[in-house]
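The values are calculated or read from the model by the stated rules, or taken from the named source; none is laboratory data. A quick note: this is a predicted structure, and the numbers were derived from the prediction, not measured. Virtual Cβ from ideal backbone geometry, glycine too; neighbours counted across all protein chains shown. The protein model used for the area step is the full one, side chains on, heavy atoms only, and it has no ligands, DNA or RNA in it. Shrake-Rupley method; radii C 1.70, N 1.55, O 1.52, S 1.80 Å.
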Amino acid sequence: MQLFFRQVGTGQPLVILHGLFGSCDNWLTISKVIAEQGFSVYAVDQRNHGRSPHAPSHTYPELAADLHDFLQQNNIENPILVGHSMGGKTVMQYAMLYPDTFSKLVVVDIAPKSYPVHHAEILKGLSAVPLTEIQNRNEAEAILSQYEPSPSVRQFLLKNLYRNEEGVFAWRINLPVINQYIELIGADLENTQTIRTPTLFIRGAESRYIKDTDFWTIQTLFPNVTLDTIENAGHWVQAEQPEAFVKSLMNFAK
């Protein structure tokens, strides 16, 4: 697996993995800010997302193996690993399968537990867009609005829409495979074990992804953990409160 990535800056390597329906492009602004602090930042597209290859399956051991391949292919040693949501589960799974290959771990607004499927309407909406018939993004958004009420979420999702070489609209995400594996994307991690490497969990105060009741599990699996709650932020902490997010990350990373 040859993952697509964007790299900025020089210094200690720091690798960022996006969440479900996202891509490395979502992290470009944050990456540049982090790079100014003396880091070589790699923002990566995970399989079936962005400009990385589409694959027939989508499990966390596979996503972790993709990350391991990426680090080896690019000669990245002892990086700080940062993952948001699905990307957070990827870096946690990576830590459990490839211990002692990274310096620090940062998990953004996701817990090491199983989540029920809660993107069913979004998947229906994306699947309902007639890609060969629509003429512009506004038509796609009008259809998607029947399934997703939030304009900001719709705009986030529509960043995956592009015109292919034939000039026809297409999704950068591998929608059929994500549909097929959506339950596993919400599933708990495999081969769970204790990770003693320094770890930071960042959550949004208004998000429901990491609850106070999850702290015991987090501290059991990651005993060398720091927990940071950012006020006035939901699940997309880094987009809603970028300055507070970078401050929390840098206080831990340096």
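Some observations on this one:
- Ellipsoid semi-axes for the stretch 21-171, based on the Cα gyration tensor and the rule √(5λ), read 31, 17, 15 Å when sorted largest first.
- Fully extending the segment from residue 184 to residue 164 would add 4.3 nm, taking 0.36 nm per residue of separation and subtracting the current Cα-Cα distance.
- Springs join every pair of Cα atoms under 10 Å in this Gaussian network model of the chain, and among 105, 221, 14 the largest mean-square fluctuation is at 221.
- The percentage of C-alpha pairs in the chain whose separation is greater than 24 Å is 45%.
- Between residue 4 and residue 212, the C-beta separation translates, for a Förster distance of 35 Å, into a calculated FRET efficiency of about 0.40.
- Radius of gyration, Dmax [the stretch 25-97; alpha carbons; angstrom]: 12.4, 38
- For the stretch 211-254 and the stretch 77-105, distance of Cα centres in Å: 15
- The chain: most fluctuating residue of 95, 233, 142 per GNM, C-alpha cutoff 10 Å: 142
- A dipole drawn for the chain from +1 and -1 charges on Cβ atoms has a positive end, and of 245, 21, 175 the residue lying farthest that way is 245.
- A P(r) calculated from all alpha carbon pairs of the stretch 82-135, with 10 Å bins opening at zero, reads 20, 33, 22, 18, 6, 0 percent.
- If you wrap the Cα atoms of the stretch 140-254 in a convex hull and average its projected area over all directions, you get 10.4 nm².
- Distance (nanometres) between label positions extended 7 Å along Cα→Cβ at residue 131 and residue 37: 3.7
- A simple rule links phi to the HN-Hα coupling: the Karplus curve 6.51 cos²θ - 1.76 cosθ + 1.60 with θ = phi - 60°, which for the stretch 189-204 gives 6, 9, 6, 5, 7, 6, 10, 9, 5, x, 9, 10, 10, 10, 10, x Hz, with x for Gly and Pro.
- Of 238, 12, 72, the residue with the greatest mean-square motion in the GNM of the chain, using alpha carbon springs below 10 Å, is 72.
- With all protein chains modelled, accessible area of residue 214 [1.4 Å, Å²]: 20
- Radius of gyration over Kirkwood radius for the stretch 199-254, both on Cα atoms: the Rg/Rh ratio is 0.97.
- Accessible area (Å², 1.4 Å probe, nearest 10) - residue 171: 30
- Length gained on full extension, residue 251 to residue 138: 36.5 nm, using 0.36 nm per residue less the C-alpha separation.
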